[in-house]
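Worksheet: the structure to be examined is printed underneath.
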Amino acid sequence: MRDSLSDELLGWYDVHARDLPWRTGPAARAAGERPDPYRVWLSEVMLQQTTVPAVKSYFAAFTTRWPTVADLAAAEDGDVMAAWAGLGYYARARNLLKCARVVAAEHGGTFPDSVEGLRALPGIGPYTAAAIAAIAFDRPATVVDGNVERVMARLHAVETPLPTAKGELTALAAGHTPEERPGDYAQAVMDLGATICTPRSPACGICPWREPCVARADGIAATLPRKLPKAAKPVRLGIAYVARREDGAWLLERRPDSGLLGGMLGWPGSDWGEAPEPAPPLDADWQDAGAEARHTFTHFHLRLAIRVARAPVDAVPERGMFIAQGDFRPSDLPTVMRKVFDLARAELTD
DNA sequence: CATACGTGGAC
DNA sequence: TGTCCAAGTAT
């Protein structure tokens with residue numbers, strides 16, 4: 001389907017498109033250059049629930065270290081997890097590697113160019129499949145992310161709360177998707193949502209869709225989309241154990257592949273709950289570090305008590321493994337574990 | 001369909 | 001300090 005709205009938005013995009021590292025600019029495309037599907041895929045996965053400023057340095061690091069999907073497929077798991085550390089939602093990194101290996105081994109290093117083919121790959125859901133198909137292969141796929149939901153809810157004054165309204169908003173979005181320049185159109189709607197049709201205070205005065213926007217006419221743009229109230233976050237407690245060997249090595253463990261912080265390096269510790277049981281990973285003289293690490297996850301607040309100890313060079317831990325001082329980089333840790341390290345290091349550094 | 005899954009910035 | 005929010009996916 002096609003309507004004049006998409007033309008107006010594309011006209012705006014031609015002038016106001018942001019210059020982002022994973023984009024192929026208008027000049028390059030005019031010269032016949034297409035975006036690299038690998039870079040489009042990598043950027044889209046990184047951008048899932050994550051802001052552009054947070055993604056930029058990670059995208060640069062990944063593309064420098066692993067310039068092609070074949071390079072990434074050949075990487076060590078631990079290296080990729082370490083490179084993703086701090087970006088969050090670590091299942092993305094595990095699926096990124098799985099996906100790269102499937103593309104390298106089963107697709108000859110070439111990404112599928114259809115929504116269905118892309119959708120079958122690990123870590124690629126409805127949004128990402130449509131985004132890659134549209135942006136990398138110029139397929140007329142309908143891209144629906146949080147921006148598109150917000151823009152459609154306002155353009156058509158949809159007052160049904162999310163997530164109930166999701167289907168209706170998707171159908172509305174599909175009705176506007178043009179056959180021409182679908183990749184630019186997809187990025188244009190998302191740019192519009194990110195820069196003009198923002199969640200709290202939309203800049204309706206300079207919006208290319210200000211005339212047709214029903215919510216603006218009704219004076220309710222800033223109140224849309226409506227959302228069901230969120231559940232309160234409970235507080236969980238835990239204990240983290242930071243041990244340092246006399247030779248400077250640190251006792252860390254690789255977390256199980258599934259669940260919270262799956263596949264990441266972390267400090268051994270108790271379960272996280274209402275009344276955690278002590279679970280020292282090593283027989284040692286554990287001392288309270290005197291400060292707790294506080295961290296908020298998507299669905300709970302965490303307060304981690306910190307115990308520190310020094311261990312002899314022949315110490316044999318019951319859990320985890322000692323990592324030599326020279327091999328340990330705090331930047332390899334997920335943020336909550338880095339907070340623990342920052343609080344514990346003063347007690348264990350001479 | 002509901003829930004689990006991170007983090008940092010804006011207000 | 002607390003809440004909301006961001007280019008979602010897997011189960």
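The values are calculated or read from the model by the stated rules, or taken from the named source; none is laboratory data. Remember, predicted model here, so these are calculated numbers, not experimental data. Cβ placement follows ideal geometry from the backbone for every residue including glycine, while neighbour counts extend to all protein chains displayed. Accessible surface is based on the protein model in full, side chains and every heavy atom, while ligands, DNA and RNA are left aside. Shrake-Rupley method; radii C 1.70, N 1.55, O 1.52, S 1.80 Å.
Quick notes on this one:
- Computed with a 1.4 Å probe over protein heavy atoms only, the accessible surface of chain A comes to 48 Å² per residue.
- Fraction of accessible area attributable to carbon and sulfur, the stretch A:8-150 (%, probe 1.4 Å): 52
- The sum of -39500 (n - 2.57) across all DSSP H runs of n ≥ 4, divided by the residue count of chain A, sets its helix-only mean residue ellipticity at 222 nm to -12000 deg cm²/dmol.
- Sparse-neighbourhood loop sites, trypsin sites (Lys or Arg not before Pro) in the stretch A:188-230 - DSSP loop, at most 11 other Cβ within 10 angstrom: A:Arg200, A:Lys230
- Set of lysines near A:Lys230 by C-alpha distance (under 18 Å), chain-local residues within fewer than 8 positions excluded: A:Lys166
- Relative to the dominant Cα principal axis of chain A, helix A:182-195 is inclined by about 70°.
- Relative contact order %, the stretch A:4-223, counting alpha carbon pairs below 8 Å whose residues are six or more apart: 21
- If you model the stretch A:206-255 as an ellipsoid using its alpha carbon gyration tensor, with each semi-axis the square root of five times an eigenvalue, the axes come out at 55, 18, 8 Å, biggest first.
- Acute angle (nearest 10 degrees) that the helix A:37-46 long axis makes with the longest principal axis of chain A, alpha-carbon atoms: 60
- Cβ crowding within 10 Å averaged over residues, with A:40-47, A:171-178 ranked highest first: A:40-47, A:171-178
- Hydrodynamic analysis of the stretch A:16-118 uses the Kirkwood radius over alpha carbon pairs. Inserted into Stokes-Einstein at 20 °C and 1.002 mPa s, it gives a translational diffusion coefficient of 149 µm²/s.
- For the stretch A:20-60, alpha-carbon Rg relative to the globular expectation (2.2 N^0.38 Å, N residues): 1.23
- Overall Cα dimensions of chain A - principal axes, largest extent first, Å: 73, 47, 32
- Note on the stretch A:92-216: Cα-only Rg and Dmax are 16.2, 51 Å.
- Binned Cα-Cα distance frequencies in the stretch A:235-348 - 5 Å width, integer %: 2, 12, 23, 28, 20, 10, 3, 1, 0
- Antiparallel content of DSSP bridges confined to chain A, in %, to 5: 55
- Within the same chain, aspartates and glutamates fewer than 8 places from A:Lys56 are excluded, and of the rest, those with a Cα less than 18 Å from its Cα are A:Asp19, A:Asp36, A:Glu44, A:Asp191, A:Asp332.
- Rounded Å value of the spacing that divides the Cα centres of the stretch A:93-135 and the stretch A:200-266: 24
- For the stretch A:235-348, the carbon plus sulfur part of the accessible surface works out to 46%, probe radius 1.4 Å.
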